[in-house]
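Report on the following structure.
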Amino acid sequence: MKKILVVGGAGYIGSHMVKMLLAKGYEVVTLDNLENGFQDAVVGGEFVLGDLADRNCLNDLFTANKFAGVMHFASHIQVGESVQNPGKYYQNNVANTLNLLDAMVANNVNAFIFSSTAAIFGEPEYTPIDEKHPKQPINPYGLSKWMIEQVLADFDKAHGLKSCCLRYFNAAGADPEGELGERHDPETHLIPLVLQAASGRRKNITVFGKDYDTPDGTCIRDYIHITDLCQAHLLALEKLMDGADSMAFNLGNGQGFSVQEVIDVAREVTGQEIPVVESERREGDPARLVADSSLARKRLGWKPEYAELSTIIKHAWLWEKNFFCGEGGKQETA
Ligand code: UDP
């Protein structure tokens, strides 16, 4: 049985990945510092409390385990915060990731899956965005991810470390079984916030800008179901473990939905009114971000199973109701 290290396995995407790996019969070790993750989101395998800044911890971990592959989800993800506090982003997302890569090289582990982001592209020059699109990140978050993508190309040349960089557009939705979901604190993402407004955990949803050059004036994003996202990771990991060369893919549904469409579909799915407040544009938001994911479909044989926005919202709603609002549930205030 192959053993996989999932760094950040207690977070939103990492926890869904751990569950999928276990279901596929992999042995899983999760490393997480629980700064943003939740230990009860790790549904199985071994859990190690530790930080990528701690080289001794990494050394012990790689000495004690023979990993066939490493998946790295442990980064800071807030664009605004990265502008205010870039050091935090370069320290964790870049310097700490280097510790992980060094540990892999020292222990001859050669398959690495890296959570990258659409933010590496910056202001889109065209849409849908394919892998050839110029990389011109406009904030420290995007730049930290692009830096590591370039570091990985050098580690491949120097050490034969094979990697797959997966640039997420808008990861959304939740485990179809309702066991896992999104619980960022603070929550900044559109779909969970809209559903908090639907459940009454928040009074309303604020729409950031209605004057964009889009059909209804609100921003268009490419929402990809968390299960489909994890499926792409699994396919990439298996390809690398089979000896494939390093790769990079853009991951989205290839179909954009506006903020207004998300709210309309959420109203249908939840049967709730969802009060809306209009406000100014949020700084740094491009009008339209849509992925061209045809390369991932072709090279990985990946096919999103939950491409419908209504399904994505339905699963996120299941989580919102069960986890936050259910009987005896873990109610948290927004
Ligand atoms: N958005 C919004 N209100 C919110 C949160 C987000 O109108 O309370 C908009 C945001 O401006 C963007 C889209 O929803 O156009 C998706 O934002 P999110 O933060 O979920 O993801 P991002 O695209 O920033 O990665």
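Results for (1) more than 9 Å from the ligand (Cβ to nearest atom); (2) modelled with pLDDT under 95; (3) touching a helix residue (DSSP H, G or I) at 6+ places or on another chain (Cβ under 7 Å); (4) open to solvent by less than 20 Å² (accessible area, probe 1.4 Å), shown as yes or no for each residue.
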{"site": "ILE191", "(1), (2), (3), (4)": "no, no, yes, yes"}
{"site": "SER199", "(1), (2), (3), (4)": "yes, no, yes, no"}
{"site": "ARG202", "(1), (2), (3), (4)": "yes, no, yes, no"}
{"site": "THR206", "(1), (2), (3), (4)": "no, no, no, no"}
{"site": "LEU240", "(1), (2), (3), (4)": "yes, no, no, yes"}
{"site": "ILE274", "(1), (2), (3), (4)": "yes, no, yes, yes"}
Fill in the blank from the handout: Only unsatisfied item for VAL269, checking (1) more than 12 Å from the ligand (Cβ to nearest atom); (2) touching a residue at least 60 places away in the same chain (Cβ under 8 Å), is (2)
Problem - Selection count where residues are in contact with a Leu (Cβ under 9 Å, 6 or more places away or on another chain) and either open to solvent by 10 Å² or more (accessible area, probe 1.4 Å) or closer than 25 Å to PRO186 by Cβ (or both), scope region 29-40 - result: 6
Handout entry: Within region 85-127, considering residues that are more than 19 Å from the chain's Cα centre (by Cα) and within 16 Å of the ligand (Cβ to nearest atom), the one least open to solvent (accessible area, probe 1.4 Å)
Key = PRO124
Exercise for the section: Report, by residue number, each residue of region 41-81 that is among the charged types (D, E, K, R), in a loop (DSSP other than H, G, I, E, B) and open to solvent by 60 Å² or more (accessible area, probe 1.4 Å). Expected result: ASP54, LYS66
Exercise for the section: Kindly indicate the residue of region 167-189 that is touching a residue at least 24 places away in the same chain (Cβ under 8 Å) and more than 15 Å from ILE312 (Cβ to Cβ) and also surrounded by the most Cβ atoms within 10 Å (Cβ to Cβ) among those meeting that condition. Expected result: ARG167
Exercise for the section: Among residues belonging to region 132-152 that are touching a helix residue (DSSP H, G or I) at 6+ places or on another chain (Cβ under 6 Å) and part of a loop (DSSP other than H, G, I, E, B), point out the one that is surrounded by the fewest Cβ atoms within 10 Å (Cβ to Cβ). Expected result: LYS135
Completion exercise
Scanning region 199-213 residue by residue, those assigned to a loop (DSSP other than H, G, I, E, B) and either in contact with a Lys or Arg (Cβ under 6 Å, 6 or more places away or on another chain) or under 17 Å from GLY254 (Cβ atoms) (or both) turn out to be GLY209
Exercise for the section: Can you confirm whether region 215-234 contains a residue that is open to solvent by 30 Å² or more (accessible area, probe 1.4 Å), more than 13 Å from the ligand (Cβ to nearest atom), more than 22 Å from ARG167 (Cα to Cα) and touching a strand residue (DSSP E or B) at 6+ places or on another chain (Cβ under 9 Å)? Expected result: yes
Exercise for the section: Give the residue that is surrounded by the most Cβ atoms within 10 Å (Cβ to Cβ), with candidates limited to residues of region 276-295 that are among the β-branched types (Val, Ile, Thr) and touching a Ser or Thr at 6+ places or on another chain (Cβ under 7 Å). Expected result: VAL290
Exercise for the section: Inspect all residues belonging to region 296-306 and state whether any of them is within 11 Å of the ligand (Cβ to nearest atom), at pLDDT 95 or above and surrounded by 15 or more Cβ atoms within 10 Å (Cβ to Cβ). Expected result: no
Exercise for the section: Would you check if there is a residue in region 245-259 being open to solvent by less than 10 Å² (accessible area, probe 1.4 Å), under 22 Å from the mean Cα position of the chain (by Cα) and within 12 Å of the ligand (Cβ to nearest atom)? Expected result: yes
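The values are calculated or read from the model by the stated rules, or taken from the named source; none is laboratory data. Since we're looking at a predicted model, the values are computed, not measured. All Cβ positions, even for glycine, are placed from backbone atoms using ideal geometry, and neighbour counts span all protein chains on display. Calculation scope for accessible area: heavy atoms of the full protein, side chains included, ligands and nucleic acids excluded. Shrake-Rupley method; radii C 1.70, N 1.55, O 1.52, S 1.80 Å.
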